[in-house]
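Notes for the one structure printed next.
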Amino acid sequence: MIELVIVSRLLEYPDAALWQHQQEMFEAIAASKNLPKEDAHALGIFLRDLTTMDPLDAQAQYSELFDRGRATSLLLFEHVHGESRDRGQAMVDLLAQYEQHGLQLNSRELPDHLPLYL
């Protein structure tokens, strides 16, 4: 499951904590028993490339990729429901599922935000 946490973290907005904890992430990738070697290598390269960038540049690239349009939105229900009313009910249902499994969300993100979902 640590692999999902790593991917989730790499999909989140690149903040100072990413740079502060990069060594732990490299170690977790290297120690993973569930990732094929090629995938672990690719994740390591991605993390290295990301953390050698200036943080402001990484944040600008993130915003350009994920915040500029629906095609690459990290909000799952935006792809499924668009702006329809069904999206709101789907969010309520997903939040209820989180709570049924003992997860209390104290996040600033919506429940369908992909990194949160992972």
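Within the range 1-98, considering only helices (runs of 4 or more DSSP H) that don't extend past its boundaries, which have at least 1 residues that are more than 17 Å from LEU110 (Cα to Cα)?
Numbers: elements: 2-11, 16-20, 22-31, 37-51, 55-66, 76-81.
Result: 2-11, 16-20, 22-31, 37-51, 55-66.
Under 8 Å between Cβ atoms, which residue pairs at least 6 apart in sequence (or on different chains) link something in the range 29-46 that is among the polar types (S, T, N, Q) with a partner that is surrounded by 13 or more Cβ atoms within 10 Å (Cβ to Cβ) and not in a helix (DSSP H, G or I)?
Every condition considered, no pair remains.
Taking LYS33 and the conditions (1) more than 19 Å from the chain's Cα centre (by Cα); (2) farther than 15 Å from ILE6 by Cβ; (3) not small (Gly, Ala, Ser), which numbered condition does it fall short on, given that it satisfies the others?
Against the list (1) more than 19 Å from the chain's Cα centre (by Cα); (2) farther than 15 Å from ILE6 by Cβ; (3) not small (Gly, Ala, Ser), LYS33 comes up short only on (2).
Every number in this text was worked out from the coordinates using simple rules, so none of it is lab data. Please read these numbers as outputs of a predicted model, since none were measured by experiment. Cβ coordinates were reconstructed from backbone atoms using ideal geometry, including for glycine residues, and neighbour counts include every protein chain displayed.
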